[in-house]
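Read the structure below first, then the notes.
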Amino acid sequence: MTTHITHWVTLAALSTLQAACGGSGSSGSNNTTVEVTPEPDTSSPQESTVPASMDERSQLLLPTHINHRPVSWIVDTGDAPLELVKNEQGQLTLHSQDVVEDTPVELVASDTSRHTLTIKEIDAQKLPPKPKFFAARETIEGIDTDGNGVRDEVEHGLYELYGDKFQLYRATLWTAYGLQKRMELADTEDLKQLTHAKNEYQKMISCFFDYSGTPYNKGNDYRSSIQSFVVNTDERKKSHNQFLSWFATQSKKYGNISREECEKYANP
């Protein structure tokens with residue numbers, strides 16, 4: 001996907017003139033001299049002062065001078081995932097938001113130079129290999145090659161839905177993690193393990209509602225969608241319902257949890 005960014009600009013060009021004036025025109029007097037700083041050669045191709053790429057959700061400080069000439073950058077981003085921010089020191093920083101694939105963009109400075117960079121998508125690169133359909137459904141545990149507690153095909157499915165909203169995508173993985181633990185331990189008679197699975201899932205609920213960035217009244221709709229990815233076979237549904245039957249008899253406590261603690265779960 002190519003995104004063109006339009007700039008409306010004003011050119012600020014500098015030349016420095018220094019003059020030193022001497023005395024009368026006798027042979028022993030000083031001559032009048034004028035020193036002029038030459039204009040930069042703008043007819044020849046210039047080297048780009050903007051990097052070839054930047055990662056999504058990162059920042060890039062734009063140069064204020066190109067070929068020793070001051071330049072301004074005014075960005076009308078349109079639908080591009082970019083924002084131009086000016087700080088108190090007058091520096092201009094380009095902020096990249098989430099992208100779901102590598103996205104080339106073109107920048108134009110006020111000296112009319114053009115600069116192309118690519119916003120690099122980094123989250124999809126962390127996904128495990130997508131498993132074959134039937135192999136992923138053979139057991140409750142499924143295939144989890146990166147060992148983060150979320151099945152590989154679930155990671156892919158959630159990324160396809162929510163990958164352009166990183167905060168929400170991370171929160172969906174937390175919920176998937178909690179659901180998977182419930183199913184895997186539903187059949188155990190070890191009360192300690194069951195209680196641990198219950199507590200973990202309650203944490204994941206708090207993480208989702210507190211840090212997904214979605215309206216609170218829409219939280220259950222999202223969680224139902226996530227559950228459809230995780231609890232997707234008859235065997236998994238049976239285990240999930242078995243855990244729910246036990247869960248309904250237990251006391252529940254949803255406490256405060258920090259974003260840092262949530263981020264410990266379901267990392268790729």
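The values are calculated or read from the model by the stated rules, or taken from the named source; none is laboratory data. These numbers were taken from a predicted model, which means no experiment stands behind them. When we count neighbours, we look across all protein chains shown, and the Cβ atoms used for this are built from the backbone with ideal geometry, even at glycine. What goes into the accessible areas is simple: the full protein's heavy atoms, side chains included, and nothing from ligands, DNA or RNA. Shrake-Rupley method; radii C 1.70, N 1.55, O 1.52, S 1.80 Å.
Here is how the numbers come out for the structure above:
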read-out	value
Matching residues, region 83-111, being within 21 Å of Gln125 (Cα to Cα) and of a type in the set (A, V, I, L, M, F, W, C)	Val99, Val100, Val105
Pairs where the first residue, in region 161-181, is within 17 Å of Lys126 (Cβ to Cβ) and the second is among the charged types (D, E, K, R), C-beta under 6 Å, 6+ apart	Asp164/Asp98; Phe166/Asp98
Qualifying position, being within 23 Å of the chain's Cα centre (by Cα) and open to solvent by less than 60 Å² (accessible area, probe 1.4 Å), among Tyr222, Tyr201, Tyr265	Tyr265
Selection status of Lys126, open to solvent by 10 Å² or more (accessible area, probe 1.4 Å) and over 14 Å from the mean Cα position of the chain (by Cα)	no
Any hit, region 200-215, residues being under 19 Å from Glu155 (Cα atoms), out of contact with any helix residue (DSSP H, G or I) (no Cβ under 7 Å at 6 or more places or on another chain) and of a type in the set (Asp, Glu)	no
Region 31-89 - residue that is modelled with pLDDT of 70 or more, β-branched (Val, Ile, Thr) and in a strand (DSSP E or B) and, of those, least open to solvent (accessible area, probe 1.4 Å)	Ile66
Test set (1) at pLDDT below 95; (2) surrounded by 20 or more Cβ atoms within 10 Å (Cβ to Cβ); (3) over 27 Å from the mean Cα position of the chain (by Cα); (4) farther than 23 Å from Arg259 by Cβ - Gly142 fails condition number	(1)
Conditions (1) over 16 Å from Cys262 (Cα atoms); (2) open to solvent by less than 40 Å² (accessible area, probe 1.4 Å): number failed by Thr172	(1)
Selection from region 90-116 of residues that are within 30 Å of Tyr162 (Cα to Cα), assigned to a loop (DSSP other than H, G, I, E, B) and open to solvent by 60 Å² or more (accessible area, probe 1.4 Å)	Gln97, Val100, Glu101, Asp102
Selection count, region 225-234, where residues are free of Cβ contacts under 8 Å to residues at least 60 places away in the same chain and open to solvent by less than 50 Å² (accessible area, probe 1.4 Å)	1
